[in-house]
Amino acid sequence: METHATLGKRPAFLLLLASFSFFVFLSCCEVLLRVQQVFGPVIDLAPNVDGYQLGLDHYLNHGPATGSSIYRLPKSMLPASYATEVVYSQVFDEDGLRVIAGIPSLATGAPRLLFLGDSFMQGFDDDHTISEIVRRKLLQQGLTFSALNGGFSSYSPIIFIAQARKLLPKIRPKCILVDIDPTDLYDDNIRYRNLANRDMNGHIYSVTPSGPARKSYLTYLSLNENILYITRLVRKAIFLKAVYHQYNEGYTDGASGNIIDYTSFLSATAPVVVFPDHIAFFEKNLHELAGLCKEFVGEQNILFVTHPHLRHFPKYKQNAKIFNTIIADIVGKVAREEKICFFDASMDLFTAFGENPEQYFFRYDIHYNLEGIQIYSNIIASAVYTAFAPVLRTADPGHQ
């Protein structure tokens, strides 16, 4: 028979037992999160070494930090043949141009080819970046030129315009290649349309950062600062549910998801959804960009390039091997009207990627993987040779 003293101690014992059990549960969760980070990860909770390199540029909305930056490709994105994540560095100069190890950006006497684009053009390490692969390949074919890479994550034509106004008078390229991505229709309209600043003639000269974007960016940077992985998990869940949701709500017009599907994932046989206002604005920006470039290099020395996204995501698996030509059709139309060179890489990629094109993309991502970027770069090299070979063979000290 239990005494009053024994009964009085039971609540305290149960509370202690519950506390100990909760501590063991949290410890097990912490261990499991750390293990999955090493062997997955299923949920990426590693320190965000690459995000800290993204500065907020008041002229171009955002841009790279000057100097060396460290980036990482988590194992979850890579093919099974990769035992660990891939860590690499990139170096940018004060103008936001990639600096390739051992290669002067502005080599004396060499014609300059300026590459503009988003993360596809920004690339990875030096050996897996479009501009450098193109330079090396064409060097073997007798073309010596400086490859100036101004590509950076989430840039689009509206930012290219402001970027070109800043770069062209300074670096004086002889040729310009602009890589235009299917997400650019979205970026121009949804991300940057209301942030563009125009002069008295209506020309874009800068794209300022947005308040919600800055808040989202700074919050994202701080997600993985905690030592405990379980705390990182909680903070990441709050970020995705609240902060990032508010960012999307504040800077979309209700059609954003449809635009992404329209340009990136819509199959060639799916019903066409039309966004006339968004397309007209996008075309206007492409015309302004082309006109600005022609002022400096002439219409014959400009090449607009488009590439598709592959519907390789699991939820689109039924149409995984179908490309669409929506962005290519828009850009091609503008190129014809501006009388500049145009190249759509769709069919070349379709042929090169063969029966299993998804193996050339990062898992659950729209970007070409390290093998895919090599193939795409070789295709671009052929287009550059066709468009610019006569010009790049000539070194003109007065106009490099």
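Every read-out reported here was derived from the displayed coordinates using simple, explicitly stated rules and does not represent laboratory data. Predicted, not measured: the structure shown is a model, and the values here were computed from it. Glycine also receives a Cβ, built like all others from the backbone with ideal geometry; neighbour counts cover every protein chain displayed.
Sequentially through the stretch 283-299, phi angles give Karplus couplings (6.51, -1.76, 1.60; θ = phi - 60°) of 4, 4, 5, 5, 5, 5, 5, 4, x, 5, 5, 5, 4, 9, 10, x, 5 Hz, Gly and Pro residues having no value and appearing as x. If you plug the beta carbon distance of residue 300 and residue 382 into 1/(1 + (r/R0)^6) with R0 = 25 Å, you get a FRET efficiency near 0.85. Spin-label model, residue 351 to residue 95: label points 7 Å out along the Cα-to-beta-carbon direction sit 3.6 nm apart. Sorting 181, 348, 329 from the fewest to the most surrounding beta carbons within 10 angstrom yields 329, 348, 181. With the simple model of a label 7 Å out from the Cα in the direction of the Cβ, residue 203 to residue 234 spans 5.4 nm. For the stretch 70-151, a simple Cβ point-charge model (Lys and Arg +1, Asp and Glu -1, everything else neutral) yields a dipole of about 240 debye relative to the Cα centre.
Amide H to amide H distances under 5 Å link residue 62 with 57, where only residues 5 or more positions off or on other chains count and H is placed in the peptide plane. For residue 367, the residues 5 or more places off, or on other chains, whose built amide H falls under 5 Å of its own are 362. Fewest neighbouring Cβ atoms within 10 Å first, the residues 120, 388, 115, 25 line up as 25, 120, 388, 115.
For residue 284 and residue 364, the FRET efficiency from 1/(1 + (r/R0)^6), where r spans their Cβ atoms and R0 equals 30 Å, is about 0.35. Please work out the FRET efficiency for the pair residue 277 and residue 87, using the Cβ-Cβ distance as r and a Förster radius of 41 Å; give the result to the nearest 0.05. E between residue 277 and residue 87, to the nearest 0.05, is 0.45.
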